[in-house]
Each structure stands twice: as C-alpha cells, then as structure tokens.
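Here is the structure we will look at, set down as structure tokens.
Bear in mind these aren't lab numbers, they're just calculated from the coordinates by the rules spelled out. What you see is a predicted model, and the numbers here were worked out from it, not measured in a lab. Counting neighbours? That spans all protein chains shown, and the Cβs are built from the backbone with ideal geometry, glycine included.
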Amino acid sequence: MINVTLFETINTASERFTEAGITNSRLDAELLLCHTLGKNRAWLLAHMQEAVDEQHRALFEQAVDRRALREPLQYILGKQEFWGLDFLVTRDVLIPRPETELIIETALTLVPNKDARLTILDLCTGSGCIAVSLAKELASARFFASDKSEKALDVARENARRHVVADRVRFLEGDLFGPLKELDLRARVDIMVSNPPYVPSEEYSTLQPEVRDHEPRMALLAGQNGTELHQRIIDEAPEFLRSEGALIMEMGMGQAEALVHMMREHGTFDKPDVLKDLAGIERVIVARKK
C-alpha cells in the first residue's frame, strides 16, 4: 500500500477542482478533507505530512466526486455559516448568502429596544436563517415564518431547535400569507422580512452550475421579471403590518427601481429606502406602512 499524505491528497483534489472550473479549488479541498477527518484547518495545516488511511481516503474521494460535479460545498458539508451561526442546509433549501445578512442588520436598526415584545414575520423562510438569527438577537420577540416547501420547513425547524429558539418561532406551511389568514395577525406585525425568489426565468440558464443544477428551483425562480413575488408581498403586506410597521425585502441586481415604483404606486407605504450590500449592489428595500 502506498502512503499518501494529506498534502498530496489536497493537491490532487485541488487540481481536479480547478479542471472542473471551481474557483476556490484548494480551499474547497481543504474544507472537504477537514470534514472527512473531523478536524479543523489549523490541525490540517499542522499535519500535512501525515498519511491518510484508506477508509478516510475513500470517503474523501466520494466527496471530491460530488464537488467536481459542481455540487455546492455547503450541501456536501451539510452546513453554512450565517450571522455567526452554523445552519443545517440540504438540497431542499437555498444556501444562505452573506448579502442576506443585510436584512438582519436592517431589521435590528428598526428596533430601539431589543427587549421589546415584537411580532416579526418571515416570508419564504427556507432554512429559517433570517427568523432564527433575528430570534437570537431579539429574545422577547415572537416569530412566524412561512414557506411553501414542507421539506424546507423541516430544515428550518431543526435550525430553530439547534439554536434554542424553537419555542418562539412558529413555522407555517403555505404560499406567502396564505397560512396566516386564520391567525390573529392582521395589523399586528411590527417587522416583515423576506428573501423571496427573484431570478427572472430567462436568466435561469445563465446561473452557475452550483445554483442552477443543485439549489431548489422553487426558491430561485420568480416569473418573467423576477419581481412577481415582491409585487404580491407589497399588495398583501399592509393587511398584516401595524401602522408604521416595516417591510424589508431582498432583491436582485437591477430590480430596485421597479420595486420602488411598486411601493409608491401602492400608496400604503412611506418613501422606501434602498440599501446596498458590501459589493455595492442594491440588495435590500425597506419601507414603513403609513
């Protein structure tokens, strides 16, 4: 049996990833090997000349095969960090992105007192990363989170349990506001947040393979313009928001002008603010109900 070191194992995987068109090829190889061995990167870097046993090498090669087919690293690892927390992710949910943290930041700026007994609604909750992150920050608030996918809600509930907020987040299956109709929430919601699907149908084929071929289509596509879900939310949100309650939504590149127009046309909201993410892209729109 030929001994293969950790260093050689990483190099081989990294070369294969590069050939497959993966950008962070070496980092991905290191993270996959850490996952396989149950070690962190500090340990890995300190033991590069150690040999990899056959069992771990076989498991690692299976993971490498998956990544080389452009399956997202997060699905292979089964987790993604968001707002400093580790979230379970499966192929039933969209992988949380760093830019979505802007929703959390925006919501917290609207809360003068973190101990306030607020009611917060999260539409299209997916993995539950927004609702759970806000629940960790706002210990006295109650949360409702809806999604059309039962499997996504299973993931969200598990994330709420992992982060010990399950008693304050009620997950509801249904289309947007549908499951809320029977609850006593009309004119009671203080903050409404959403990262709805916003990829126009004509752009779907241009997405990276990791996104197009692996992430749930239902969590990405939003009709011809990519703003159809936003329009529905804008139309129905006023029924549930209290006076001066805030609506915060993520959006795609180039959609800000259309969403601002929708809000102004609706007439129920004050002048909306458009916020840019760290890449300088207009990413979040926020407005209060008059």
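So how strong a dipole does the chain carry about its Cα centre when Lys and Arg Cβ are +1 and Asp and Glu Cβ are -1, to the nearest 20 debye?
Numbers: 36 positive and 47 negative charges, 166 e Å.
My answer is approximately 800 debye.
Looking at the stretch 181-226, what % of the alpha carbon pairs are farther apart than 18 Å?
Working: 464 of 1035 pairs.
Pairs farther apart than 18 Å: 45 percent.
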Handout entry: Partners for K114 among aspartates and glutamates (Cα-Cα distance below 14 Å; same-chain residues under 8 apart left out)
Key = E105, E137, D190
Completion exercise
Taking the stretch 89-247, the whole-percent share of alpha-carbon pairs separated by over 24 angstrom is 31 percent
Handout entry: Inter-centroid distance (Cα atoms) of the stretch 219-290 relative to the stretch 115-152, Å
Key = 18 Å
Problem - Net length gained if the chain between N40 and T268 were fully extended (0.36 nm per residue, minus Cα distance) - result: 77.0 nm
Problem - With Cα atoms, 0 to 90° folded angle of helix 6-19 axis to the chain main axis - result: 60 degrees
Fill in the blank from the handout: Here, D213 and E81, labelled 7 Å along Cα→Cβ, have an inter-label distance in nm of 2.8 nm
Fill in the blank from the handout: Projecting the Cα atoms of L44, V111, W83 onto the charge dipole of the stretch 1-118, where Lys and Arg contribute +1 and Asp and Glu -1 at Cβ, the residue farthest towards the positive end is V111
Exercise for the section: For the chain, find the longest principal axis of its Cα atoms and tell me its angle to the long axis of helix 25-37, 0 to 90°, nearest 10. Expected result: 80 degrees
Exercise for the section: Run down the lysines and flag those whose C-alpha is under 16 Å from the C-alpha of K181, throwing out any fewer than 8 positions away in its chain. Expected result: K148
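If packing is taken as the average count of other Cβ atoms within 10 Å, what order do 147-159, 196-208, 168-180 fall into, highest mean first? Walk me through the intermediate numbers first.
Numbers: 147-159: 19.9, 196-208: 14.8, 168-180: 17.2.
In descending order of packing, they fall as 147-159, 168-180, 196-208.
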Problem - Cα-based Rg / Dmax (Å) for the stretch 227-282 - result: 11.4, 34
Handout entry: Top positive-direction residue, dipole computed over the stretch 108-195 with Cβ charges, set S149, S127, V165
Key = V165
Fill in the blank from the handout: Taking every DSSP bridge whose two residues both lie in the chain, the antiparallel percent to the nearest 5 is 45 percent
Exercise for the section: With the Cα gyration tensor of the chain in hand, give its eigenvalues times 5 under a square root as the equivalent ellipsoid semi-axes, listed largest first in whole angstrom. Expected result: 40, 21, 16
Fill in the blank from the handout: Treating only Lys and Arg (+1) and Asp and Glu (-1) as charged, each at its beta carbon, one finds that the stretch 1-143 has a dipole about its Cα centre, in Debye to the nearest 20, of 380 debye
